[in-house]
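Structure incoming, see below.
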Amino acid sequence: MADVHTNEWKFVLVVLASALACGTACADGPSDPAVASSDNGKYADKDGNPTYKVSPDGVVDWYTYSGFRRYHSDCHVCHGPNGEGSSYAPALANSLKTLSYTDFNSIVTNGRKNVDAANDKVMPAFATNVNVMCFLDDIYVYLRARANDAIPGGRPPRHEDKPEAAKQVETSCTGIK
C-alpha cells in the first residue's frame, strides 16, 4: 500500500515539475522546433519546450524513439498509428501544430470532455498511468516530430543510445530498476 502512495506522489511531482519547468517559457501554440539547447541528450527549443533532434542520416534522439514506444503502448489505440487519428479520436500529429506544450500536458494529465449534440468524445485522464506520466515529454517530442514531418510514420529505424540521465529518471519515476 505504501508503494501505491509513493507512486501517486511521484506522479504529482512529475506533473508539478513539468508545470513549473514550463513557467512563462511555454507560450500558446507551438514554437519553432529547432534545437536551442541540450541537456544529457534531451533537447529543448528556444522557449524551453522539449523538442526532437533528427540527424541528416535519419538517426533520432533517444527521447523521440522512447516517445514512439510509449505512444504505441498507450495512445495509438484511440489516436491511430503514427498520431494520424481515427474515427474515435483526433490526429495528434495535426493537433500539435497548434497545441502548446502546456496544453498538451494538461489534456493528457487531466483528460478532456467534448460532449454535445455533435460530439461524444472523452479523453481519459492519464495522471495515474506511470507508462504515460513518466514519459510525457517523450510522447510530446515524438508527436512534435510527426507534426513537423521530421520523421515518417513507423518505428524509427535508428536512434541514439539511451542516456544515463534517462535511465536515472526512469528508475526514479517508475520505481523499476
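Work out, step by step, the length gained on full extension between residue 128 and residue 46: first 0.36 nm times the residue separation, then minus their alpha carbon distance; give nm to one decimal. Could the numbers behind the result be given before it?
Details: separation 82, 0.36 × 82 = 29.52 nm, distance 3.04 nm.
So the chain would gain 26.5 nm between residue 128 and residue 46.
Can you sort 63, 142, 71 by how many other beta carbons sit within 10 Å, fewest first?
Sorted ascending by nearby Cβ count, the order is 71, 63, 142.
Evaluate the distance, in nm, between pseudo-label points positioned 7 Å from the Cα of residue 35 and of residue 106 along their respective Cα→Cβ axes.
Distance between label points: 3.1 nm.
Let me ask something else. Can you give me the distance in nm between label points at residue 113 and residue 73, each placed 7 Å from the Cα along the Cα-to-Cβ direction?
Output for this residue pair reads 3.0 nm.
At residue 98 and residue 121, where each label point lies 7 Å from the Cα along Cα→Cβ, what is the point-to-point distance in nanometres?
About 1.1 nm, to one decimal.
Next question, about the same structure. Quick one: putting +1 on the C-beta of Lys and Arg, -1 on the C-beta of Asp and Glu, what dipole do you get for the range 56-159 around its Cα centre, in Debye to the nearest 20?
Using only the charged Cβ atoms, the result is roughly 80 debye.
Also, I was wondering about something else. What does a probe at residue 57 reach in the range 144-177, counting residues whose amide N is under 12 Å from the point 7 Å along Cα→Cβ?
Zone members listed by number: 158-160.
Another question, if that's okay. For the range 70-177, what does the alpha-carbon gyration tensor say about shape, rounded, prolate or oblate, given a ≥ b ≥ c as the root eigenvalues, a/c under 1.5 as rounded, and a/b over b/c as prolate?
Working: a/c = 2.15, a/b = 1.38, b/c = 1.55.
Oblate is the answer for the range 70-177, as a/c is 1.5 or above yet b/c matches or exceeds a/b.
Please give the FRET efficiency for residue 149 paired with residue 86, using the beta carbon to beta carbon distance and R0 = 22 Å, rounded to the nearest 0.05.
It comes out at approximately 0.65.
Of 42/97; 121/162; 53/177; 46/177; 53/97, which pairs sit farther than 25 Å apart, going by alpha carbon to alpha carbon?
From the list (42/97; 121/162; 53/177; 46/177; 53/97), the Cα-Cα distance tops 25 Å for 121/162; 53/177; 46/177.
Throughout, read-outs are computed from the coordinates displayed, never taken from laboratory work. Here the structure is a predicted model, which is why all the values come from computation and not from measurement. Cβ sites come from the backbone with ideal geometry, for glycine too, and all protein chains shown count toward neighbours.
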